[in-house]
Amino acid sequence: MNGISELDFEPTRRELTAAYNLPPEMYTSEAVFAAERKAIFSREWIYVCRADQVANQGDYLAVEVAGAPLVIVRDKDGAIRAHSSVCRHKGAVVAEGRGNAGAFRCKYHGWTYALDGALIAAPLMNKVKEFSRCDFGLVSVRSEVWEGLVFVNLDTNASSLAAKLAPLSARFKNYQFENMVCTQTREYATPTNWKLFVANSMEEYHIPVTHAKTLEPYMPMRDHVTEPTGGAYEILTIIALGEPPFPRVASVPDNTTITALIYPNLVVSASPDSFHTFIHIPIDVSHTVVKADFFFPRDTVARPDFTALAKSHYDGLDVILEEDNVALTATYKGLTSPLSKRGRYAFREKIVHRLDNYVLDRLIGSI
């Protein structure tokens, strides 16, 4: 396939009960992946890190979005900034990994940038005609912090994230994110397309089969409720059976878990006793990495038995993600078959259908 314009999207655009899945090529084509990087990951708000990962002046973290190396940094005024980490001289990357710095100095020719991105040193450039340092600072990238999570957007014309997610903040209010701290990060890699992994995180249809012994007994498919939002996110709620390992957050009245997909690739899940984030990072068309952060209330973390009890959260996710990994690996292998044909959506796949059409909304306009 040379492009995506030859694909037939009309069957996926139909209402759910009459719709067909995306064509298999939408998951396996390099051309489609390139189009998604340009039309989605270069234009949407993308979660990159927690604000507490750059807590102090000079703290920085290097990340990459849609192939663009970026540096997230806390400046001297306490604000979180995002810059392209590409030197304005020859293009070398000026920041890698994470750490604390007073400035960013290119290791190639020594051009040096302040935390706010301004060029403060350019050796021997005073001999160049009409050269002004103020014209050659690091390219700034838009950033916003929502509930302690840092998002960036490569599109300078994109609308603000805050207004889009304000209703979601209201839904999560009882879970008191401001009182939670991250206790552990785990990373999972799967040979599958990012859309398949995101969809898997937001649909309950597979739970009775893939997670028959792990999730179904406690979070049965029948109790999952999908809420229509029509906006920048999707919501799935469930009241789990049994009590959580730790006491519920005081303002949470029952065992309701609220899971939200913040388009395009961040899933946040608020449980009665904890909070989790799952960022689905597309490495290439056939590989996805999921980074999961675990958050607990400060009072919970201070308990003497916290480490022992929290292990059930950590290890439980390992088991569930491995079950998903097996299913998603098999799914991607099947989609690469020359005999693969598009299937139908089950009625329980409302969010999957909306996710697929979210992708089409952006790709069709870019063809």
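The values are calculated or read from the model by the stated rules, or taken from the named source; none is laboratory data. This is a predicted model, so every value here is computed, not measured. Positions of Cβ are backbone-derived with ideal geometry, glycine not excepted, and every protein chain shown enters the neighbour counts.
Of the conditions (1) touching a Leu at 6+ places or on another chain (Cβ under 9 Å); (2) at pLDDT 95 or above; (3) of a type outside the set (Lys, Arg); (4) surrounded by fewer than 20 Cβ atoms within 10 Å (Cβ to Cβ), Thr183 clears all except one; give me its number.
If we test Thr183 against (1) touching a Leu at 6+ places or on another chain (Cβ under 9 Å); (2) at pLDDT 95 or above; (3) of a type outside the set (Lys, Arg); (4) surrounded by fewer than 20 Cβ atoms within 10 Å (Cβ to Cβ), just (1) comes out false.
Which members of the stretch 230-244 meet the condition of being free of Cβ contacts under 8 Å to residues at least 60 places away in the same chain and touching a strand residue (DSSP E or B) at 6+ places or on another chain (Cβ under 7 Å)? Working first, answer last.
The initial filter retains those residues of the stretch 230-244 that are free of Cβ contacts under 8 Å to residues at least 60 places away in the same chain, namely 230, 237-244.
Thr237, Ile238, Ile239, Ala240 - these are the residues of the stretch 230-244 that are free of Cβ contacts under 8 Å to residues at least 60 places away in the same chain and touching a strand residue (DSSP E or B) at 6+ places or on another chain (Cβ under 7 Å).
So Asp318 fits all but one of (1) of a type outside the set (S, T, N, Q); (2) in a strand (DSSP E or B); (3) out of contact with any Leu (no Cβ under 9 Å at 6 or more places or on another chain); what number is the exception?
Checking Asp318 against (1) of a type outside the set (S, T, N, Q); (2) in a strand (DSSP E or B); (3) out of contact with any Leu (no Cβ under 9 Å at 6 or more places or on another chain), the one that fails is (2).
With touching a residue at least 24 places away in the same chain (Cβ under 8 Å), in contact with a helix residue (DSSP H, G or I) (Cβ under 6 Å, 6 or more places away or on another chain) and not in a strand (DSSP E or B) as the only criterion, which of Ile72, Ile40 stands out?
Ile40
Take Ala19 and decide whether it is outside the structural domain of Phe197 (by TED's automatic domain parsing) and surrounded by 18 or more Cβ atoms within 10 Å (Cβ to Cβ).
Criteria met by Ala19.
Given the condition out of contact with any Leu (no Cβ under 6 Å at 6 or more places or on another chain) and closer than 28 Å to Arg37 by Cα, answer yes or no: does some residue in the stretch 120-136 qualify?
Residues of the stretch 120-136 out of contact with any Leu (no Cβ under 6 Å at 6 or more places or on another chain): 120-132, 134-135.
Now restrict to residues that are closer than 28 Å to Arg37 by Cα: none.
So far as the stretch 120-136 goes, no, none of its residues is out of contact with any Leu (no Cβ under 6 Å at 6 or more places or on another chain) and closer than 28 Å to Arg37 by Cα.
Does the stretch 290-328 hold any residues that are within 21 Å of Glu187 (Cβ to Cβ) and more than 20 Å from the chain's Cα centre (by Cα), and which are they?
Residues satisfying the conditions are Thr307, Ala310, Lys311, Ser312, His313, Asp315, Gly316, Val319, Glu323, Val326, Ala327.
Spot the failing condition for Ala166; the list is (1) in contact with a strand residue (DSSP E or B) (Cβ under 8 Å, 6 or more places away or on another chain); (2) over 19 Å from Tyr113 (Cβ atoms); (3) in a helix (DSSP H, G or I), and only one is missed.
(1)
Being among the small types (Gly, Ala, Ser), surrounded by 15 or more Cβ atoms within 10 Å (Cβ to Cβ), part of a loop (DSSP other than H, G, I, E, B) and in contact with a helix residue (DSSP H, G or I) (Cβ under 7 Å, 6 or more places away or on another chain) is the filter here, so list the residues in the stretch 199-246 that pass it.
Ala232
Being surrounded by fewer than 10 Cβ atoms within 10 Å (Cβ to Cβ) and either basic (Lys, Arg) or under 15 Å from Val73 (Cα atoms) (or both) is the filter here, so list the residues in the stretch 108-132 that pass it.
Residues satisfying the conditions are Lys127, Lys129.
Looking at Ala35, Ala31, Ala55, which one is in contact with a Leu (Cβ under 9 Å, 6 or more places away or on another chain) and aliphatic (A, V, I, L, M)? Spell out how you get there, then give the answer.
Details: Ala31 fails: in contact with a Leu (Cβ under 9 Å, 6 or more places away or on another chain); Ala55 fails: in contact with a Leu (Cβ under 9 Å, 6 or more places away or on another chain).
The conditions single out Ala35.
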